[in-house]
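Undergrad: Have a look at this one.
The values are calculated or read from the model by the stated rules, or taken from the named source; none is laboratory data. In this text the structure is predicted, and so the values were computed from the model without any measurement. In this analysis, Cβ positions are derived from the backbone assuming ideal geometry, glycine residues included, and neighbour counts consider all displayed protein chains.
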C-alpha cells in the first residue's frame with residue numbers, strides 16, 4: 001500500500017493564493033472581481049471559443065492573456081477556470097508561455113500533473129481563503145446543505161467547495177470523486193493523511209455507499225448515511241471510531257458523485 005506524501009509545493013500554492021488577499025486588501029468574497037484582480041496583476045481575461053480546453057493562458061514576460069471557453073455556462077466553473085490560470089501565471093513562469101487546461105486538468109484529479117494540481121490548489125485558496133472559509137464552517141459536519149451554503153457565499157461549485165472543506169479541515173475527513181461506480185480520485189484532510197489511511201483509485205464503491213446506490217439505480221440520499229469503518233477502509237487501519245459517515249452529492253452534469261466521509 002502506498003502512502004501519500006505531503007506536498008510542500010501544494011502548501012506553498014495555498015499560501016501564495018492567500019497572500020494575494022493581504023497584498024490587495026481583500027476582505028470578503030463578494031468584494032472583488034477576478035477579472036479586475038487579474039488585470040491588476042498584468043493579465044487580461046477574455047471569453048472566446050476554445051477547442052479541447054476550458055481555458056488557455058498566453059504569457060509574454062510579465063504580461064498575460066487568459067482566454068476562457070465561452071461555452072462554459074456556469075459562473076462557478078468560469079471563476080475557477082480563471083483562478084486556475086492566474087495560478088499558472090504567478091507560479092509557473094518557467095514552464096511554458098502557452099498553457100491550455102482541460103476540465104480534467106482544472107479538476108486536478110490523480111491523473112493531473114503536479115503543475116495542474118498546484119494551480120487548482122491555488123485557485124481554491126484564492127476563491128476560498130482558509131480563515132474566511134473556516135469561520136463560516138464553524139465546526140459543522142459537511143452536510144449537503146452546508147456545502148451548498150458555502151458554495152453560494154464563495155460563488156464556487158459544489159465539487160470545489162466540498163474539496164476545500166476537506167483541505168481546510170482539522171478533523172478526520174476525506175473527499176472522494178467517483179464515476180461509474182468506481183473511485184476516480186480522492187483527497188484526505190491532513191489528519192487522515194497522517195494516519196496513513198488510503199483508498200485505491202478505480203476501486204469499486206462499497207455496496208452500502210449512497211454513492212454506489214446512485215450509480216446502481218439513481219437513488220439519492222439527501223442526508224448523511226452512517227456506515228461501518230470497513231465499508232470504506234482497511235480494518236487494520238481503523239482509527240478510534242466505530243462508524244464513518246458518508247454524505248453523497250451527485251453531480252449529474254459530470255457523471256460524478258462526490259462523497260464526503262468523516263468520523264462519527
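Undergrad: Restricting attention to the stretch 105-112, does a residue exist that is modelled with pLDDT of 90 or more, under 20 Å from the mean Cα position of the chain (by Cα), surrounded by 12 or more Cβ atoms within 10 Å (Cβ to Cβ) and over 21 Å from residue 21 (Cβ atoms)?
TA: The initial filter retains those residues of the stretch 105-112 that are modelled with pLDDT of 90 or more, namely none.
No - not one qualifying residue is present in the stretch 105-112.
Undergrad: Now for a different question. Of all residues in the stretch 66-83, count the ones that are part of a loop (DSSP other than H, G, I, E, B) and in contact with a strand residue (DSSP E or B) (Cβ under 6 Å, 6 or more places away or on another chain). Walk me through how you get there before you give the answer.
TA: Initial filter on the stretch 66-83 (part of a loop (DSSP other than H, G, I, E, B)): 70-74.
After this cut, where a residue has to be in contact with a strand residue (DSSP E or B) (Cβ under 6 Å, 6 or more places away or on another chain) as well, the list is 70.
Adding up the residues that qualify gives 1.
Undergrad: How many residues does the stretch 25-46 hold that are assigned to a loop (DSSP other than H, G, I, E, B) and either at pLDDT 90 or above or within 20 Å of residue 151 (Cα to Cα) (or both)? Show your work before the answer.
TA: Initial filter on the stretch 25-46 (assigned to a loop (DSSP other than H, G, I, E, B)): 25-28, 32-33, 41-42.
Pick out the ones that are also either at pLDDT 90 or above or within 20 Å of residue 151 (Cα to Cα) (or both) and you get 26-28, 32-33, 41-42.
Total satisfying the criteria: 7.
Undergrad: Just the residues that are touching a strand residue (DSSP E or B) at 6+ places or on another chain (Cβ under 6 Å) and over 22 Å from residue 157 (Cα atoms), please, taken from the stretch 30-56.
TA: Within the stretch 30-56, 42, 43, 44 meet the criteria.
Undergrad: Looking at 157, 201, 191, can you tell me which residue is surrounded by 17 or more Cβ atoms within 10 Å (Cβ to Cβ) and closer than 22 Å to residue 118 by Cα? Before you say what the answer is, go through the steps one by one.
TA: Numbers: 201 fails: surrounded by 17 or more Cβ atoms within 10 Å (Cβ to Cβ); 191 fails: surrounded by 17 or more Cβ atoms within 10 Å (Cβ to Cβ).
Result: 157 is the single residue among 157, 201, 191 that is surrounded by 17 or more Cβ atoms within 10 Å (Cβ to Cβ) and closer than 22 Å to residue 118 by Cα.
Undergrad: Which of the numbered conditions does residue 61 fail, given that it passes all the others? Conditions: (1) over 18 Å from residue 126 (Cα atoms); (2) surrounded by 19 or more Cβ atoms within 10 Å (Cβ to Cβ).
TA: (2)
Undergrad: Quick test of your reading of the structure: residue 163 fulfils all but one of (1) surrounded by fewer than 17 Cβ atoms within 10 Å (Cβ to Cβ); (2) in a helix (DSSP H, G or I). Name the failing condition by number.
TA: Of the numbered conditions (1) surrounded by fewer than 17 Cβ atoms within 10 Å (Cβ to Cβ); (2) in a helix (DSSP H, G or I), the odd one out for residue 163 is (1).
Undergrad: Looking at (1) surrounded by 13 or more Cβ atoms within 10 Å (Cβ to Cβ); (2) more than 20 Å from the chain's Cα centre (by Cα); (3) within 25 Å of residue 187 (Cβ to Cβ); (4) at pLDDT below 90, which one does residue 3 not meet, given that it meets all the others?
TA: Answer for residue 3: the failing condition is (1).
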